[in-house]
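Take a look at the structure set out below.
The values are calculated or read from the model by the stated rules, or taken from the named source; none is laboratory data. Everything quoted here is computed from the prediction, not taken from an experiment. All Cβ positions, glycine included, derive from the backbone under ideal geometry; neighbour counts span all protein chains shown. We work out accessible area using only protein heavy atoms, side chains counted, and drop any ligands, DNA or RNA first. Shrake-Rupley method; radii C 1.70, N 1.55, O 1.52, S 1.80 Å.
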Amino acid sequence: MMVKSVDAAAGTIVLYDLEAGGEVTISYGVAADIRSKYGSLTYATSLEYGQIVRAEYDGEGRLVKMQLSDMASWNVQSYAVTGYTGSSETYSM
């Protein structure tokens with residue numbers, strides 16, 4: 001999910017579900033378990049547009065747990081390296 005906006009006055013976070021498409025608005029309170037990508041507690045107001053998060057919420061749309069993604073799950077399909085043939089002498093001291 002991607003953070004779209006945070007409304008601190010209303011206590012809501014709008015997320016965009018990247019897999020299903022569409023927005024999800026969840027509410028949060030002072031006891032919300034929101035963590036940085038390193039696992040330390042953080043505040044909803046520190047969330048920024050475009051950040052990728054993992055979020056769990058209950059059936060009534062209340063935040064249970066959220067953690068910023070470390071983006072470690074990227075899956076590289078292919079890569080290429082281009083260059084030229086050549087050689088150079090190396091020196092050391």
Please determine, by comparing only the residues of segment 7-20 that are more than 14 Å from the chain's Cα centre (by Cα) and at pLDDT 90 or above, which one is surrounded by the fewest Cβ atoms within 10 Å (Cβ to Cβ).
9
Just to be sure before I move on: is residue 49 modelled with pLDDT under 90 and either surrounded by fewer than 10 Cβ atoms within 10 Å (Cβ to Cβ) or within 18 Å of residue 4 (Cβ to Cβ) (or both) in the structure I sent?
no
Residues of segment 21-36 being free of Cβ contacts under 8 Å to residues at least 12 places away in the same chain and open to solvent by less than 50 Å² (accessible area, probe 1.4 Å), in sequence order, are 21, 22
Any chance segment 37-47 includes a residue that's part of a loop (DSSP other than H, G, I, E, B) and touching a residue at least 40 places away in the same chain (Cβ under 8 Å)?
yes
Within segment 19-47, the residues that are among the polar types (S, T, N, Q) and closer than 14 Å to residue 67 by Cα are 36, 40, 42, 45, 46
Given the conditions (1) at pLDDT below 90; (2) in contact with a Phe, Trp or Tyr (Cβ under 8 Å, 6 or more places away or on another chain), report the number of the one that residue 30 does not fulfil.
(2)
